[in-house]
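Notes follow once the structure below has been shown.
The values are calculated or read from the model by the stated rules, or taken from the named source; none is laboratory data. All values reported here derive from a predicted model rather than from experimental measurement. Every residue, glycine as well, gets a Cβ built from its backbone with ideal geometry; the counts of neighbours run over all protein chains shown. Protein only, heavy atoms only, side chains kept; ligands, DNA and RNA dropped before computing areas. Shrake-Rupley method; radii C 1.70, N 1.55, O 1.52, S 1.80 Å.
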Amino acid sequence: MESFLIKGGVPLHGEVEISGSKNAALPILAATLLTDEPCIIHRVPDLSDTRFMVQILQSLGATVRFESGTVTVHAKKIKGYADYDLVRKMRGSICIAGPLLARLHKARISLPGGCIIGARPINLHLKGFEALGANIKIEGGYIDATAKRLTGNSMFLGGRAGPTVLGTANIMMAATLADGVTVIESAACEPEVVDVANFLNAMGADISGAGGPTITINGVKKLHGAEHEVIPDRIEAATFLIAAGATNGEVTLRGARADHLRAVIDKLNEAGVSVERSGTNLIARRNKKLKPVDVTTLPYSGFPTDVQAQMMSLLALAPGISIITERIFESRFMHVSELARLGAEIEIEGPSAIVKGGKPLSGAPVMASDLRASAALVIAGLAAKGATQVNRIYHLDRGYEKMDAKLRKLGARIQRVEEK
Ligand code: EPZ
């Protein structure tokens, strides 16, 4: 297995290009199953998660080409069940269910496993499919969804932690070919959901309200092929903004969308990391001492749960007490024990982590556990004195395109090595 070997203490300086959004690209690639015509998707990040999705589309019978950020998919004839071994490896694969149900009126998907940040239930996805008239059977670790026809319906899709991002995308995709009108209440408002809706409308769907809590889908008979460019990855952008602040550097992000990052930019400014827009670029620099801040993760447009771990690394450097409360997932503090190995003082109290920041961090070997926790460990290693080895960085390769190369370009001393 591979590791990152980081020699910390170097302020990051320079420009970095933000890649396309993983969390928009995955449902958009799944949406190409809705038509028998070719689709071309640009700015797809080259990650293990997007490569899994390509393999899943191919295992369903689509022909797929993935070359320098552009994916061409032609799902001329497809079958209704995906290879278990592939689907179980990635939670995001659940979003092929909606398109398969809409196109074939059947879908056989393995129940997505939980993952380290929580149980990851799909009850809201299934509630939406049933509202559209599907019969759902769960046995042997598989979901068998069938429907004579899909009929538009109104449904409330909010769960115990608020809206569901992939659940909203899944139901929206299924409803595009249903008979009649579907109204999703308590829909997720994330920019990735808007990007999926824009792609579906480019295919001839009739969707309005995406980005707000109520989305209306008027079913159509057929969808045609379309070409689309995926939005930039706001979580990758947030990660680099925070890395700039944590290393006391100055970094220009090319292609980031400031309007997708308002909560993050607001919190960073409050913590002493100034983030300014200049055209389509964002410039992050630490202009004064870091200050402790309180952060609570919320559904969009609140502070994103996918940036919680990275923010904790920054606040471990801010003298004083910061309280970070995780409201979306039940166990998303796996990075705390690893940050403690670098000298961070953090106590967990239920859904909150109390960060006693200000002590300098010093390098140590640490273990990545999930995608964003790994990013937090890289940020902490970049800020720590001495050497940090982040092991099991396959977690990181799932969601960050060429992160070590991008960081080296900003002056970081980071190498990808075989774990000894
Ligand atoms: C998406 O996951 C993202 N993944 C996650 O990013 C992100 O953390 C999450 O949205 C929240 O923003 C992709 O888009 C591929 P949810 P998703 O359904 O859609 C509960 C990353 O690091 N829930 O919005 O699977 C759920 O348990 C990943 O890039 C139900 O209770 O998340 C959670 O507490 C990690 N029932 C909350 O809702 C359901 O049927 C939000 O989950 C579905 C979800």
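Selection of helices (runs of 4 or more DSSP H) fully inside region 322-401 by the criterion of at least 3 residues being more than 13 Å from the ligand (Cβ to nearest atom) and open to solvent by less than 10 Å² (accessible area, probe 1.4 Å) returns 371-383. Of the residues making up region 159-176, those that are in a loop (DSSP other than H, G, I, E, B) and open to solvent by 30 Å² or more (accessible area, probe 1.4 Å) are 160, 163.
The condition (being in the same structural domain as residue 236 (by TED's automatic domain parsing), of a type in the set (Asp, Glu) and modelled with pLDDT under 95) is satisfied by just one residue among 347, 330, 326: 330.
Mind counting the residues in region 155-174 that are touching a residue at least 60 places away in the same chain (Cβ under 8 Å) and either within 25 Å of residue 222 (Cα to Cα) or aromatic (Phe, Trp, Tyr) (or both)? Selection size over region 155-174: 8.
In the set 296, 239, only one residue is assigned by TED's automatic domain parsing to the domain that holds residue 379, closer than 17 Å to residue 372 by Cβ and assigned to a helix (DSSP H, G or I); that residue is 239. Within this structure, residue 148 fails the test of being among the basic types (Lys, Arg) and in contact with a strand residue (DSSP E or B) (Cβ under 7 Å, 6 or more places away or on another chain). The single condition among (1) without any contact (Cβ under 8 Å) to a residue 60 or more places away in the chain; (2) over 23 Å from residue 274 (Cβ atoms); (3) hydroxyl-bearing (Ser, Thr, Tyr) that residue 394 does not satisfy is (1). Name the residues in region 300-315 that are of a type in the set (A, V, I, L, M, F, W, C) and away from the ligand (no atom under 14 Å from the Cβ), would you? The answer is 312, 314, 315. Only one residue in 92, 113 is in a loop (DSSP other than H, G, I, E, B), modelled with pLDDT under 95 and either out of contact with any strand residue (DSSP E or B) (no Cβ under 8 Å at 6 or more places or on another chain) or not small (Gly, Ala, Ser) (or both), so which one is that? Exactly one of 92, 113 is in a loop (DSSP other than H, G, I, E, B), modelled with pLDDT under 95 and either out of contact with any strand residue (DSSP E or B) (no Cβ under 8 Å at 6 or more places or on another chain) or not small (Gly, Ala, Ser) (or both), namely 113.
This table checks each residue for (1) open to solvent by less than 70 Å² (accessible area, probe 1.4 Å); (2) within 16 Å of the ligand (Cβ to nearest atom); (3) farther than 21 Å from residue 23 by Cβ.
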position	(1), (2), (3)
64	yes, no, no
76	no, no, yes
112	yes, yes, no
130	no, yes, yes
143	yes, yes, yes
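Residue-wise test of (1) open to solvent by less than 40 Å² (accessible area, probe 1.4 Å); (2) among the β-branched types (Val, Ile, Thr); (3) part of a strand (DSSP E or B); (4) without any contact (Cβ under 8 Å) to a residue 60 or more places away in the chain.
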residue	(1), (2), (3), (4)
14	yes, no, yes, no
24	yes, no, no, no
36	no, no, no, yes
55	no, no, no, yes
71	yes, yes, yes, yes
79	no, no, no, yes
96	yes, yes, no, no
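Residues of region 221-239 include at least one that is open to solvent by 20 Å² or more (accessible area, probe 1.4 Å) and free of Cβ contacts under 8 Å to residues at least 60 places away in the same chain.
Have a look at 361, 407, 371, 377 and point out the one that is farther than 24 Å from residue 326 by Cβ and among the aliphatic types (A, V, I, L, M). Can you show your working first?
On the way: 361 fails: farther than 24 Å from residue 326 by Cβ; 371 fails: farther than 24 Å from residue 326 by Cβ; 377 fails: farther than 24 Å from residue 326 by Cβ.
Result of the check over 361, 407, 371, 377: 407.
Would you mind stating whether residue 119 is in the same structural domain as residue 83 (by TED's automatic domain parsing) and either within 12 Å of the ligand (Cβ to nearest atom) or crowded, with 17+ Cβ neighbours inside 10 Å (or both)? Criteria met by residue 119.
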